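The values are calculated or read from the model by the stated rules, or taken from the named source; none is laboratory data. Keep in mind it's a predicted model, so treat the numbers as computed, not measured. Because the Cβ atoms are built from the backbone with ideal geometry, glycine has one as well, and the counts that use them run over all protein chains shown.
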Amino acid sequence: MNFQLTKEQEKVRELVRKFALAEVEPIAADIDKEHRFPMENVQKMAQLGMMGVPFPAIYERRERGKDPVSYPIGGAGADHICYAITVEELARVCASTAVIVSAHTSLCCWPIYEYGTDEQRKKYLPDLLSGKKIGAFGLTEPNAGTDASGQQTKAVDMGDHWLLNGAKVFITNGGYADTFVVFAMTDKSKGNHGISAFIVEKGFKGFSIGKTEDKLGIHASSTTELIFEDCVVPKENLLGEVGKGFKIAMSTLDGGRIGIASQALGIAQGALDVTVDYMKSRKQFGKSLDKFQALAFEVAEMKTRIEAARLLVYKAAFLKDQHKPYGPAAAMAKYYAAETAMYVTTKAVQLHGGYGYTTDYPVERMMRDAKITEIYEGTTEVQKMVISASVFK
Amino acid sequence: MRIIVCAKQVPDTSEVKIDPVKKTIIRDGVPSILNPDDANALEEALKVKDMYPDTVVSIVSMGPPQATDMLVECLAMGADEAFLLSDRAVGGSDTWATSNAITALIKSIGPFDMIFAGRQAIDGDTAQVGPQIAEKMDLPQVTYVQEFSISEDKKTVTVKRQLEDGYEEIKVNTPCMLTCIKELNTPRYMRVNGIVNACKKDAPIFVKSAKDVEVDLTTVGLEASPTHVFRSFTPAPKAPGMIISGEDEKAQAQALLCKLKEKHAI
C-alpha cells in the first residue's frame with residue numbers, strides 16, 4: 001500500500017491549484033451572485049487540458065485475431081486520481097466551475113469513450129476532450145429521478161433516423177453544452193431493458209433548451225431542461241446497443257460519482273482552509289479563536305472527516321484506473337464526501353459567526369453549494385442502496 | 001533555431017534555513033519553485049516557439065537531483081528538453097563558479113541562437129550569473145529586458161532594456177544573452193498533457209555530471225569560489241521614518257534638534 005501521490009499527480013495539483021487561485025477564485029463570488037456561467041474560464045481550462053484529463057491522447061484497442069485500432073482523440077492522458085484532484089482543487093474555490101468539468105468529463109465524454117463506436121469517438125471526442133465543445137448528460141425527467149427506469153422520453157425507430165419526444169430536467173451544463181448523451185425509452189414493455197442512449201447535438205431539429213433552474217447553490221453552473229419535440233437523431237447516433245441505455249447510464253453514474261465526490265471533497269477542504277485562516281485572525285475575549293479548545297476540536301473533527309473522505313475518493317479513482325470494480329467504492333466516496341461537505345461547511349459558517357452568514361465570506365456560498373452534492377448523480381439514499389446491495393449480494 | 005533558457009530551482013519561502021558551515025541555503029525539505037524571473041525567460045522563449053514551431057527550447061540548470069522537479073514544470077509548460085548539471089563537485093559554487101559550470105553545460109549541448117535567463121534568482125538576488133555566462137561565452141548581452149522582438153531572418157533581436165527612469169531600445173545580433181524581468185510577459189501555466197509527458201520515464205530530462213560537461217574542476221564548487229557568504233540572515237524590519245513638519249525651516253530644524261536630543265543622539 002502506498003499513500004504517496006505520483007509526481008504527475010502532484011504536478012497536476014500544483015497546476016490546478018495555481019490556476020484556481022489565479023483565475024477561478026477571484027470571480028467565484030461574482031459569478032455566484034450573477035448566476036453567470038464562467039465561459040472564459042472554461043476556455044482557459046480547455047487550453048490547459050483540463051476538459052479531458054483522464055482520457056488518452058490516442059485511443060488504442062487490441063483484440064485477439066483483429067488488427068489493432070488506434071486513432072487520436074486528444075485526451076490529456078492522465079489518470080482518474082489526477083481527474084479527482086482537478087475537480088477537487090477547482091471546487092476548493094468554486095464548486096460551480098468544478099461541476100462543469102465533472103459533468104462534461106464523467107457524464108458525456110466517458111460514455112462516448114466507453115460505449116461509442118470508432119466513428120462516434122472520432123467524431124465527438126477530439127472536440128470534447130480539447131474543450132472546444134462542452135458535454136452534458138440527459139437522464140433525469142420530472143417523473144424519473146432516483147427511479148431512472150421510469151423514462152417517459154420516447155425514441156421511435158423511423159427507419160433512417162430516430163425520433164425523440166419528451167423532456168429532461170436538471171441537466172448540468174444544459175445551456176452551454178454542444179453534445180448531449182440522452183436516454184430515451186425505445187421499448188416500454190421491456191422496462192429497464194427498453195432504454196437506449198443517444199448522442200444528441202445542439203442544433204438537431206426538434207431539440208431545444210427549456211427553462212433554466214434557479215437553485216440554492218452552484219449558481220454559476222447552468223442547470224436546464226432539455227426539450228425534444230419530434231427531434232431527429234441520425235441512426236448512427238445511437239450510443240451502444242438498443243436496450244442497453246440503462247446499463248450505460250448506471251455505469252456512467254458510477255464514474256460520475258467520483259467526480260462529484262471530488263467536488264464535495266474540494267468544497268469541504270476550501271471551507272476548512274478559509275475557516276482556519278479566519279480563526280487565527282479573529283479575536284474574542286482577548287485571544288484568537290483557534291486558542292479556544294472547544295473550537296479547535298471542531299476543526300479537528302472537520303479535518304479528520306475530510307481526510308477520510310479524501311482516502312475514499314482517491315481509492316475509488318484508483319480502482320477505476322486499475323480497471324477493477326469501483327461502483328460501491330465510488331458510492332461510498334460520494335456518500336461520505338457529500339456528507340462531509342455539508343458537515344464541514346455548516347461548521348465553517350458557525351465558526352465564522354455572523355460574518356459567515358454574509359456574502360462577505362465565501363463559507364455561506366460553500367454551504368449552499370455543498371447541499372447539491374448530497375443530491376445529484378444519485379442521492380445519498382441511492383448511494384446507500386448501491387453500498388448495501390454490494391454488501392448483501 | 002535553438003533557444004537556451006537558464007532556470008534555477010529556488011525555495012518558495014523567505015523562511016529558509018541556512019547551512020552553518022557553507023553559509024548557503026539548505027534546500028532540502030523546503031518547498032521549491034521555478035525562479036520567477038526564469039519563468040519569464042522561459043515564457044519568452046516559448047512565445048518565439050509559438051511563432052516559429054521548429055524552435056527548440058532547451059533548459060539548462062544546475063542543482064541537486066530534486067531540481068528535476070522544476071525541470072518537469074518547464075517541460076510541462078512547453079520546453080523541449082532540459083539539462084541538469086548535478087554533481088557534488090559543483091556544490092557550494094558562488095556566481096563565478098556557477099557561471100563556469102553552466103557555461104560548460106551550455107557548450108556541451110551544442111550550438112544555439114539565444115540564451116534567455118531570468119534577471120536574478122529570489123534566493124541570492126545577485127543578478128550575476130547570466131551576465132557572467134555571456135562574458136565567458138563572449139556573447140553580446142542585454143540585461144533587464146522588458147520587451148523583445150526578433151527579426152524575420154532571426155539574425156537580430158530588438159529589445160527594450162528597463163532603466164530606472166525609462167528604457168533603452170537595443171538591437172543585438174544573435175547569438176546573444178538576454179536577462180528577463182517580470183514586466184516582459186506573463187508566464188503560461190503547465191498543461192495537463194505536458195505534465196503527463198514530462199513525468200514519463202523517457203522524458204527529455206538529462207542529468208549531467210561535471211565530467212560529462214568537461215568542466216575544469218578547479219573552477220567550480222565551494223573551494224574554487226572567490227566569494228564566500230559571510231553570514232546569511234533575515235534583516236530586522238526597519239522602524240518607520242518620520243516627517244517633521246513645522247511652520248518654516250527654522251521651526252523644523254528646532255523640532256529635529258529636540259527629537260535628536262530626546263534620543264540622546266546628540
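Modelled with pLDDT of 95 or more, surrounded by fewer than 18 Cβ atoms within 10 Å (Cβ to Cβ), in a helix (DSSP H, G or I) and not hydroxyl-bearing (Ser, Thr, Tyr) - does that describe any residue in the stretch A:132-149?
No - not one qualifying residue is present in the stretch A:132-149.
Are any residues in the stretch A:92-104 over 13 Å from A:Arg257 (Cβ atoms) and β-branched (Val, Ile, Thr), and if so, which ones? I'd like the intermediate steps shown before the answer.
Narrowing the stretch A:92-104 to residues over 13 Å from A:Arg257 (Cβ atoms): A:92-98, A:100-101, A:104.
A:Val93, A:Thr97, A:Ile100, A:Val101 - these are the residues of the stretch A:92-104 that are over 13 Å from A:Arg257 (Cβ atoms) and β-branched (Val, Ile, Thr).
Looking at this structure, is A:Phe318 without any contact (Cβ under 8 Å) to a residue 24 or more places away in the chain and of a type in the set (A, V, I, L, M, F, W, C)? Write out each step before concluding.
Values: without any contact (Cβ under 8 Å) to a residue 24 or more places away in the chain: no; of a type in the set (A, V, I, L, M, F, W, C): yes.
Judged against the criteria, A:Phe318 is not a match.
Just one of A:Ile195, A:Ile171, A:Ile227 is over 27 Å from A:Val42 (Cβ atoms), in contact with a strand residue (DSSP E or B) (Cβ under 7 Å, 6 or more places away or on another chain) and aliphatic (A, V, I, L, M); which is it?
Details: A:Ile171 fails: over 27 Å from A:Val42 (Cβ atoms); A:Ile227 fails: over 27 Å from A:Val42 (Cβ atoms).
Only one candidate passes the filter, namely A:Ile195.
So, B:Val207, is that one out of contact with any Phe, Trp or Tyr (no Cβ under 7 Å at 6 or more places or on another chain), more than 14 Å from chain A (Cβ to nearest Cβ), closer than 19 Å to B:Ala89 by Cβ and modelled with pLDDT of 95 or more or not? Outline the logic, then answer.
Working: out of contact with any Phe, Trp or Tyr (no Cβ under 7 Å at 6 or more places or on another chain): yes; more than 14 Å from chain A (Cβ to nearest Cβ): yes; closer than 19 Å to B:Ala89 by Cβ: yes; modelled with pLDDT of 95 or more: yes.
For B:Val207, the condition - out of contact with any Phe, Trp or Tyr (no Cβ under 7 Å at 6 or more places or on another chain), more than 14 Å from chain A (Cβ to nearest Cβ), closer than 19 Å to B:Ala89 by Cβ and modelled with pLDDT of 95 or more - is met.
Looking at A:Gly145, is it away from chain B (no Cβ under 14 Å), of a type outside the set (S, T, N, Q), in contact with a strand residue (DSSP E or B) (Cβ under 9 Å, 6 or more places away or on another chain) and under 30 Å from A:Ile372 (Cβ atoms)? Write out each step before concluding.
Details: away from chain B (no Cβ under 14 Å): yes; of a type outside the set (S, T, N, Q): yes; in contact with a strand residue (DSSP E or B) (Cβ under 9 Å, 6 or more places away or on another chain): yes; under 30 Å from A:Ile372 (Cβ atoms): yes.
Against the criterion (away from chain B (no Cβ under 14 Å), of a type outside the set (S, T, N, Q), in contact with a strand residue (DSSP E or B) (Cβ under 9 Å, 6 or more places away or on another chain) and under 30 Å from A:Ile372 (Cβ atoms)), A:Gly145 qualifies.
Among the listed residues B:Gly221, B:Gly246, which satisfies the condition of being free of Cβ contacts under 8 Å to residues at least 60 places away in the same chain and either under 22 Å from the mean Cα position of the chain (by Cα) or away from every other protein chain (no Cβ under 14 Å) (or both)?
On the way: B:Gly221 fails: free of Cβ contacts under 8 Å to residues at least 60 places away in the same chain.
The match here is B:Gly246.
Among the residues of the stretch B:192-213, which ones are over 25 Å from A:Met51 (Cα atoms) and in contact with a Lys or Arg (Cβ under 9 Å, 6 or more places away or on another chain)?
B:Ala210, B:Val213
Counting only residues that are of a type outside the set (A, V, I, L, M, F, W, C) and not in a helix (DSSP H, G or I), how many does the stretch A:81-118 have? Please lay out each step first, then the result.
Just the residues of the stretch A:81-118 that are of a type outside the set (A, V, I, L, M, F, W, C), to begin with: A:83, A:86, A:88-89, A:92, A:96-97, A:102, A:104-106, A:111, A:113-118.
Adding the requirement that they be not in a helix (DSSP H, G or I) leaves A:116-117.
Within the stretch A:81-118, residues that are of a type outside the set (A, V, I, L, M, F, W, C) and not in a helix (DSSP H, G or I) number 2.
If you check A:Lys123 against the conditions, is it under 20 Å from A:Ile248 (Cβ atoms) and either within 14 Å of chain B (Cβ to nearest Cβ) or basic (Lys, Arg) (or both)? Walk me through it before giving the result.
Working: under 20 Å from A:Ile248 (Cβ atoms): yes; either within 14 Å of chain B (Cβ to nearest Cβ) or basic (Lys, Arg) (or both): yes.
Considered against the rule, which asks whether it is under 20 Å from A:Ile248 (Cβ atoms) and either within 14 Å of chain B (Cβ to nearest Cβ) or basic (Lys, Arg) (or both), A:Lys123 comes out as yes.
Select from the stretch A:251-306 the residues that are among the aromatic types (Phe, Trp, Tyr) and crowded, with 19+ Cβ neighbours inside 10 Å and list them in ascending order. Show your work before the answer.
First, pick out the residues of the stretch A:251-306 that are among the aromatic types (Phe, Trp, Tyr): A:278, A:285, A:292, A:297.
Matches in the stretch A:251-306: A:Tyr278 only.
Could you look through the stretch B:47-67, keep only residues that are surrounded by fewer than 21 Cβ atoms within 10 Å (Cβ to Cβ) and within 14 Å of another protein chain (Cβ to nearest Cβ), and pick out the one that is modelled with the lowest pLDDT?
So, considering only residues that are surrounded by fewer than 21 Cβ atoms within 10 Å (Cβ to Cβ) and within 14 Å of another protein chain (Cβ to nearest Cβ), the one modelled with the lowest pLDDT is B:Gln66.
A:Asp79 passes all but one of (1) in contact (Cβ under 8 Å) with a residue 40 or more places away in the chain; (2) within 14 Å of chain B (Cβ to nearest Cβ); (3) buried (at least 24 other Cβ atoms within 10 Å of the Cβ); which number fails?
So A:Asp79 meets the others, but not (3).
Looking only at the stretch A:374-393, count how many residues are hydroxyl-bearing (Ser, Thr, Tyr), touching a helix residue (DSSP H, G or I) at 6+ places or on another chain (Cβ under 8 Å) and assigned to a helix (DSSP H, G or I). Full working, then the answer.
Pass one, the stretch A:374-393, residues hydroxyl-bearing (Ser, Thr, Tyr): A:376, A:379-380, A:388, A:390.
Applying the additional criterion that residues be touching a helix residue (DSSP H, G or I) at 6+ places or on another chain (Cβ under 8 Å) yields A:376, A:380, A:390.
Still in the list and also assigned to a helix (DSSP H, G or I): A:380, A:390.
So the count comes out to 2.
Give the stretch B:68-88 a look and list any residue that's in a helix (DSSP H, G or I) and within 14 Å of another protein chain (Cβ to nearest Cβ), or say none. Spell out the reasoning first.
Start the filter on the stretch B:68-88 by keeping residues that are in a helix (DSSP H, G or I), which leaves B:68-77, B:88.
Hits for the stretch B:68-88 are B:Thr68, B:Asp69, B:Met70, B:Leu71, B:Val72, B:Glu73, B:Cys74, B:Leu75, B:Ala76, B:Met77.
Restricting the search to the stretch A:5-23, which residues are out of contact with any helix residue (DSSP H, G or I) (no Cβ under 6 Å at 6 or more places or on another chain), farther than 20 Å from B:Lys201 by Cβ and more than 8 Å from every other protein chain (Cβ to nearest Cβ)?
Within the stretch A:5-23, A:Leu21, A:Ala22 meet the criteria.
Which pairs turn up if I take residues in the stretch B:29-48 that are over 16 Å from B:Gly124 (Cβ atoms) and look for partners that are small (Gly, Ala, Ser) and outside any strand (DSSP E or B) with beta carbon separation below 6 Å, at least 6 apart in sequence or on another chain?
Matching pairs, first to second residue: B:Leu46/B:Gly78.
What residue, of A:Ser251, A:Ser208, is within 26 Å of the chain's Cα centre (by Cα) and within 30 Å of A:Asp79 (Cβ to Cβ)? Let's see the steps before the verdict.
Working: A:Ser208 fails: within 30 Å of A:Asp79 (Cβ to Cβ).
Answer to the selection: A:Ser251.
Would you call B:Lys136 touching a residue at least 12 places away in the same chain (Cβ under 8 Å), surrounded by fewer than 19 Cβ atoms within 10 Å (Cβ to Cβ) and farther than 30 Å from B:Asp19 by Cα? Don't jump to the end; show me each part of the working.
Numbers: touching a residue at least 12 places away in the same chain (Cβ under 8 Å): yes; surrounded by fewer than 19 Cβ atoms within 10 Å (Cβ to Cβ): yes; farther than 30 Å from B:Asp19 by Cα: no.
No: the conditions fail for B:Lys136.
Residue pairs, Cβ under 7 Å, 6 or more apart or interchain, first in the stretch A:42-71 and away from chain B (no Cβ under 14 Å) and over 15 Å from A:Thr97 (Cα atoms), second charged (D, E, K, R) and assigned to a loop (DSSP other than H, G, I, E, B). List them.
Sorted first by the residue in the stretch A:42-71, then by its partner, the pairs are A:Pro68/A:Arg62.
For A:Glu14, all conditions in the list (1) free of Cβ contacts under 8 Å to residues at least 60 places away in the same chain; (2) within 24 Å of A:Ala370 (Cβ to Cβ) hold save one; what is the number of the exception?
Result: A:Glu14 fails condition (2) only.
Within the stretch B:212-266, which residues are out of contact with any strand residue (DSSP E or B) (no Cβ under 8 Å at 6 or more places or on another chain), among the small types (Gly, Ala, Ser), closer than 30 Å to B:Val129 by Cβ and surrounded by 11 or more Cβ atoms within 10 Å (Cβ to Cβ)?
B:Gly221, B:Ala224, B:Ser225 - these are the residues of the stretch B:212-266 that are out of contact with any strand residue (DSSP E or B) (no Cβ under 8 Å at 6 or more places or on another chain), among the small types (Gly, Ala, Ser), closer than 30 Å to B:Val129 by Cβ and surrounded by 11 or more Cβ atoms within 10 Å (Cβ to Cβ).
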